[in-house]
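Presented below is the structure to which this report refers.
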Amino acid sequence: MEKEPFSVEWLAQSSRGGAREMPDPPSVPADSPRDREAAERRSPGREAEAVGAAPGRSRTKFSAAQLQELERSFREQRYIGAGEKRRLAAVLNLSQSQIKTWFQNRRMKFKRQTQDAR
């Protein structure tokens, strides 16, 4: 079975050094399903879908208790360490990446608030 250029398999093989040169992009008719999908992604009203969250991943809704603990930890230290991240993830029943993302977003919110106050 020959792997299509730019397929997941081809990219995996090329990252391991299997494919030495980049193939020419496959020729696609102008009115192909791929072109229609690309046009739909660029159409107005779909920007939020095309950018941001992974498909099927909904926004995390933090409980009041989770937010209270996260805010308390943020007041103590704006940048979270690995140990504290693990502890919070275990205590709050969240993943470490959710904790990390919350802290990143909270720092940006803090930055906006301090800039608006000036």
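The values are calculated or read from the model by the stated rules, or taken from the named source; none is laboratory data. Source: prediction; values computed, not measured. In this analysis, Cβ positions are derived from the backbone assuming ideal geometry, glycine residues included, and neighbour counts consider all displayed protein chains. Just so you know, the surface numbers come from the protein's heavy atoms only, side chains and all, with ligands and any DNA or RNA stripped out. Shrake-Rupley method; radii C 1.70, N 1.55, O 1.52, S 1.80 Å.
List of remarks:
- Residues in the range 49-69 that are open to solvent by 60 Å² or more (accessible area, probe 1.4 Å) and either among the polar types (S, T, N, Q) or at pLDDT 95 or above (or both): SER58, ALA64, ALA65, LEU67, GLN68.
- Enumeration of residues in the range 70-82 that are open to solvent by 40 Å² or more (accessible area, probe 1.4 Å) and in a helix (DSSP H, G or I): GLU71, ARG72, ARG75, GLU76, ALA82
- Verdict on ALA89 being of a type in the set (A, V, I, L, M) and at pLDDT below 95: no
- Looking only at the range 92-118, and only at residues there that are over 20 Å from ARG59 (Cα atoms) and in a helix (DSSP H, G or I), the one that is least open to solvent (accessible area, probe 1.4 Å): THR114
- Contact annotation: residue pairs with Cβ atoms under 9 Å, 6 or more positions apart or on different chains, pairing a residue in the range 103-117 that is within 14 Å of ILE80 (Cβ to Cβ) with a partner that is aromatic (Phe, Trp, Tyr) and open to solvent by 60 Å² or more (accessible area, probe 1.4 Å), are PHE103/TYR79; ARG107/TYR79.
- Residues satisfying the stated conditions in the range 92-118, i.e. aliphatic (A, V, I, L, M) and at pLDDT 95 or above: LEU92, LEU94, ILE99, MET108
- Close pairs from the range 57-73: first touching a residue at least 24 places away in the same chain (Cβ under 8 Å), partner of a type outside the set (D, E, K, R), Cβ under 6 Å, at least 6 apart: THR60/GLN98; GLN66/LEU92; LEU70/TRP102
- In the condition set (1) more than 22 Å from the chain's Cα centre (by Cα); (2) at pLDDT below 95, ARG46 is compliant with all but (1).
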